[in-house]
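Everything below concerns the one structure shown next.
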Amino acid sequence: MPPKQPDDDALVGSLRLGVMRLARRLRRERGEENLTLTQLSLLGTLELYGSCTLGELAAEEKISAPSVTRIVNALVESGLVDRNAHETDGRQIVATLTPAAVTLLERNRLQRNRWLANQLRGLTDEQRSTLARAAIILDDMARA
C-alpha cells in the first residue's frame, strides 16, 4: 500500500514554510553586498538574457515599469548596470551588466552554492533525487 498523501492544506502549509525558511537561509549566505533582493534578481535576469530594455525587464521580473526604472537607476549609480539608448528605437533604454556586476554575481552564486552543497552532502541518494525533481517543479511554479 502506498504511503498516504498529505491533504492539500497540509502540503500548502508545509511547502510554504519550507520554501520561506530555505529562502531566508540562502539570503543570509549571499554576502555583504548592500543590494535588495529585487536588485539582485534583476541583475540575474540581465545575466541570463543579456542586455534588455526596461520594458522587457519589467515583464520578466513581473514588476511595474516605474519600479524597474528606479532599480536600474540605483544599479547604474552603483556601477553595476550601464544604460544605453536602444539602437533602433531612441525612446527605449537598454540595460547591460557591467564587469563589476558579473564579478558580484559570480561571487554571490559561489558563496550560496557552497553552503547549499554542504547541506546536500548530508542527504541520502533518495532525498537528493527527490530534491532534483522538486527543484524543477518549484521553478515551474515560480514562473507561472
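FYI, it's all coordinate maths here, none of it is from the lab. Just so it is clear, the structure is predicted and the values come from calculations on it, not from any experiment. Cβ coordinates were reconstructed from backbone atoms using ideal geometry, including for glycine residues, and neighbour counts include every protein chain displayed.
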Any chance you could give the angle, 0 to 90 degrees and rounded to 10, that helix 37-49 forms with the longest Cα principal axis of the chain?
-> 80
Per-residue [θ]222 nm for the chain (sum of -39500 (n - 2.57) over DSSP H runs n ≥ 4, rounded to 500) = -22000 deg cm²/dmol
Lys/Arg +1, Asp/Glu -1 at C-beta; the chain dipole; positive extreme among SER41, GLN111, GLY122 = GLY122
Trypsin sites (Lys or Arg not before Pro) restricted to region 62-144 and DSSP loop, no more than 16 other C-beta within 10 Å | LYS62, ARG91, ARG121
Once the Cα gyration tensor of region 1-135 is diagonalised, semi-axes √(5λ) in Å | 36, 19, 13
Taking the chain and dividing mean pair separation by its residue count, relative contact order in percent (alpha carbons under 8 Å, at least six apart) = 21
In region 25-117, the GluC sites (Glu not before Pro) that sit in a DSSP loop and have at most 11 other Cβ atoms within 10 Å of their own Cβ are GLU32, GLU87
For helix 8-28, report the angle its Cα long axis makes with the longest principal axis of the Cα atoms of the chain; keep it between 0 and 90° and round to the nearest 10°.
-> 50
Taking Cα atoms, how many degrees apart are the long axis of helix 99-120 and the longest axis of the chain, rounded to 10 and kept between 0 and 90?
-> 0
Does a label point 7 Å from the Cα of TYR49, set along Cα-to-beta-carbon, have any residues of region 71-97 with amide nitrogen under 20 Å, and which are they?
-> 71-76, 80-97
